[in-house]
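J.: Got a structure here, written out as structure tokens. Questions coming.
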Amino acid sequence: MDRLDKISNIIFAISTFILTLFIFIYTNNKDNRKEENVKKIDFLKVLLLENNSDKFLNFYEQILNLILSRKNNTLLDSEKSILLELINDEHKSFRLKFYDLILPFNAEIYRRIKSASDDLINEITIKVFDPSINYFDENYIDVIERKILQSRTEVLKIILKI
């Protein structure tokens, strides 16, 4: 009986040691992963909000300026095509200089920002080429301005949730 008691104490001590070692290693790895994620998020915030916030704001401002510069004009299809090329160039620049930088950090955030900006460009394209309405008339320009504001707000909300 005494031997059985000693053996059970040894088994209990060994299992306690192994469990303690496992908890230590698991907690240490978890803390390292958490610290690495915090560093990534901090770097992403610095990269986006401090270094590239001007590119974010310039994109929406440039698109709005391109559209407002055609205000009260009736545009031919060729002029509309040129306008859309300029808008697409701004969109490409925005993608390359701003939200492509997010992809290595978080594919979901990248996808959401890309979707919001693509939706804006698609919406503008549809509105510009709608033959039934002249969206460059002062009465309809607000529709496009609201869409630009909504897209900018949506992207900003996505960024701030990081």
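The values are calculated or read from the model by the stated rules, or taken from the named source; none is laboratory data. Here the structure is a predicted model, which is why all the values come from computation and not from measurement. Using ideal geometry, Cβ is built from the backbone for each residue, glycine included, and neighbour counts are taken over all protein chains shown. Accessible surface is based on the protein model in full, side chains and every heavy atom, while ligands, DNA and RNA are left aside. Shrake-Rupley method; radii C 1.70, N 1.55, O 1.52, S 1.80 Å.
J.: Could you count how many residues in the stretch 15-42 are of a type outside the set (D, E, K, R) and either touching a strand residue (DSSP E or B) at 6+ places or on another chain (Cβ under 7 Å) or touching a residue at least 12 places away in the same chain (Cβ under 8 Å) (or both)?
T.: 1
J.: I'm told Arg152 meets every condition in (1) open to solvent by less than 40 Å² (accessible area, probe 1.4 Å); (2) among the basic types (Lys, Arg); (3) in contact (Cβ under 8 Å) with a residue 60 or more places away in the chain except one. Can you identify the failing condition by its number?
T.: Here Arg152 clears every test but (1).
J.: Given the condition at pLDDT 90 or above, surrounded by 12 or more Cβ atoms within 10 Å (Cβ to Cβ) and among the acidic types (Asp, Glu), answer yes or no: does some residue in the stretch 84-94 qualify?
T.: Yes, some residue in the stretch 84-94 is at pLDDT 90 or above, surrounded by 12 or more Cβ atoms within 10 Å (Cβ to Cβ) and among the acidic types (Asp, Glu).
J.: Next question, about the same structure. Can you name every residue in the stretch 43-60 that is open to solvent by less than 80 Å² (accessible area, probe 1.4 Å) and farther than 17 Å from Ser117 by Cα?
T.: Matches in the stretch 43-60: Leu44, Val46, Leu47, Leu49.
J.: Do we have any residue at all in the stretch 139-146 that's farther than 16 Å from Phe56 by Cα and not in a helix (DSSP H, G or I)?
T.: yes
J.: Give the stretch 61-78 a look and list any residue that's more than 21 Å from the chain's Cα centre (by Cα) and surrounded by 14 or more Cβ atoms within 10 Å (Cβ to Cβ), or say none.
T.: Leu66, Ile67, Arg70, Leu75
J.: Could you check how many residues of the stretch 95-122 are more than 23 Å from Leu84 (Cα to Cα) and of a type in the set (A, V, I, L, M)?
T.: 5
J.: May I ask you to list pairs of residues, at least six apart or on different chains, whose Cβ atoms are under 7 Å apart, with the first in the stretch 63-81 being under 17 Å from Ser132 (Cβ atoms) and the second being open to solvent by 70 Å² or more (accessible area, probe 1.4 Å) and not in a helix (DSSP H, G or I)?
T.: That search, which allows pairs on different chains as well, returns Lys80/Phe129.
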